[in-house]
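J.: This is the structure I want to talk about, given as structure tokens.
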Amino acid sequence: MLERYARIKRQKGDGFVAALIDSIRVEFGDEPFDGAAGFPEARRLNFSVGGKSGLQLMSELAKGGVIVGSLTSDMLAGRDLGNPQPAETIDTLILRLEKDLNIHDDISCPDLIKKILKEGLDICPKATGPHMRITYKNQPEGEWAIVLSDPITDYYGDPRLFGVVRYGGGLRLDSHRISSRLRPNFLVVARLRK
């Protein structure tokens, strides 16, 4: 699997995550998922994603008093979110790695994506983080949830994922480097398959 991952990364460059996901779907199948069964602590959220550019989302976040980090602002203003996809309603699960996915050691983002696909879940559209932050106003204090999607580059070209955070009483939209490992106590957001 690691050899195939390295080969795909060399061949596809920036599109390696999408190519890896397609490769994993071939290996494990693409069977429909029937809900949150088997994920004891998962919370289900559905909301609309798409229809707005990154700059429109940044304006809406500012109006809502959301704190946005500088690298996260770069992600919103960059080319990855420049051309909005049509709006759609998606169903997501907030999962705790250890309790819902039985992950007891640190894990890389590509390995985690492989795991969620094997579990019958999917990655989220790139714009899920900002849309979730706008919608998810009752997030528990201290919660940080990393949104699994194709990576979005920051100003420096580093691939990152959005993080939806409530800390110190404030709502935040932050980011997480895709090269960083995730700890078992982390929360992630995955999409339920259509």
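Every number in this text was worked out from the coordinates using simple rules, so none of it is lab data. None of the values given here were measured: they were computed from a predicted structure. Virtual Cβ from ideal backbone geometry, glycine too; neighbours counted across all protein chains shown.
J.: So for the pair residue 62, residue 98, with labels modelled 7 Å out along Cα→Cβ, what separation do we get in nm?
T.: About 4.0 nm, to one decimal.
J.: For a quick check of your reading of the filter: which trypsin sites (Lys or Arg not before Pro) in region 87-187 sit in a DSSP loop and have no more than 11 other Cβ atoms within 10 Å?
T.: Sites meeting the loop and neighbour criteria: 137.
J.: Let me ask something else. Starting from the Cα of residue 41, step 7 Å toward the Cβ, then list every residue of region 107-130 with an amide N under 16 Å from that point.
T.: 107
J.: What net charge do the residues around residue 82 carry, taking every other residue with its C-beta under 14 Å from that of residue 82, with Lys and Arg at +1 and Asp and Glu at -1?
T.: Once all neighbours under 14 Å are counted, the net charge is +1.
J.: Quick one: go through region 97-128 and flag any residue whose amide nitrogen is under 18 Å from the point 7 Å out along the Cα-to-Cβ line of residue 79.
T.: Within reach of a label on residue 79, which here means backbone N under 18 Å from a point 7 Å along Cα→Cβ, region 97-128 contributes 126-127.
J.: What does the charge add up to near residue 162, with Lys and Arg as +1, Asp and Glu as -1, over the other residues with Cβ less than 15 Å from its Cβ?
T.: That sum, taken over residues with Cβ under 15 Å, equals 0.
J.: I need 55, 95 ordered by Cβ neighbour count within 10 Å, fewest first.
T.: The order, fewest Cβ neighbours first, is 55, 95.
J.: With 10 angstrom as the radius, rank 104, 131 by how many other C-beta atoms surround their C-beta, starting from the fewest.
T.: 104, 131
J.: Fewest first, what order do 149, 179, 53 take by the number of other Cβ atoms within 10 Å?
T.: Arranged by neighbour count, lowest to highest, 149, 179, 53 become 179, 53, 149.
J.: Here is a further query. Compute the signed sum of charges (Lys and Arg +1, Asp and Glu -1) over the other residues within less than 10 Å, Cβ to Cβ, of residue 174.
T.: Around residue 174, the surrounding residues sum to +3.
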